[in-house]
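A short write-up of the structure that comes next.
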Amino acid sequence: MRQVYVGLLGAVLLSACATSVETPSAFIEARSAIEAADKQDVRTYAPGLLVEARDKLKAAESALENREVAKAKRLSDEAAVSIRLAESKAKLKKSQEAASEIRRSNAVLQSEISN
C-alpha cells in the first residue's frame, strides 16, 4: 500500500514539474526592450530590425510553449541583440539628421556673412 502512495506522489510531482516551464529572464528582458523601443524612434528609423526582434521573440514564445527552454533562451537573446542594434541604428540616423541640419544652417550663415 505504501508503494502505491509513493508511486502516486511521484507521478503527481513529475506531472507538476512537466506542466510548469519557467520563463527565462532573457525572454522577459527582450519583451520589455522591444516594448520600450516601440515607444521610441526605433519604429521610424529601424523598422526592419524591430520586426526581426519581434519575430524572434514570437519564435521564443513558441519554443516556450513547446517546452524548449534552451531554444527559447537563445531566441530571446537574439531578439535582445536585434533590438539593441535597432536602437543604436535609430540613434545614429537621428544624429546624422541633426548633423545634416547643422551643416545646412552653417551654410546659410556662411552665405549671409559673405554677402
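At a glance:
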| read-out | value |
| --- | --- |
| Å² per residue, accessible surface of region 27-115 at 1.4 Å | 67 Å² |
| Of all accessible heavy-atom area on region 12-115, the percent that carbon and sulfur account for (1.4 Å) | 55 percent |
| Residues of region 21-41 with amide N under 11 Å of a point placed 7 Å along Cα→Cβ from Val69 | 21-25 |
| Cα-projected label distance for Leu85 with Lys58, points at 7 Å along beta-carbon direction, nm | 1.9 nm |
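The values are calculated or read from the model by the stated rules, or taken from the named source; none is laboratory data. Everything numeric in this text was worked out from a predicted model, so none of it was measured. A quick note on method: Cβ atoms are made from the backbone with ideal geometry, for glycine too, and the neighbour counts reach across all protein chains shown. Please note that ligands, DNA and RNA were not included when accessible areas were found on the heavy atoms of the full protein model with its side chains. Shrake-Rupley method; radii C 1.70, N 1.55, O 1.52, S 1.80 Å.
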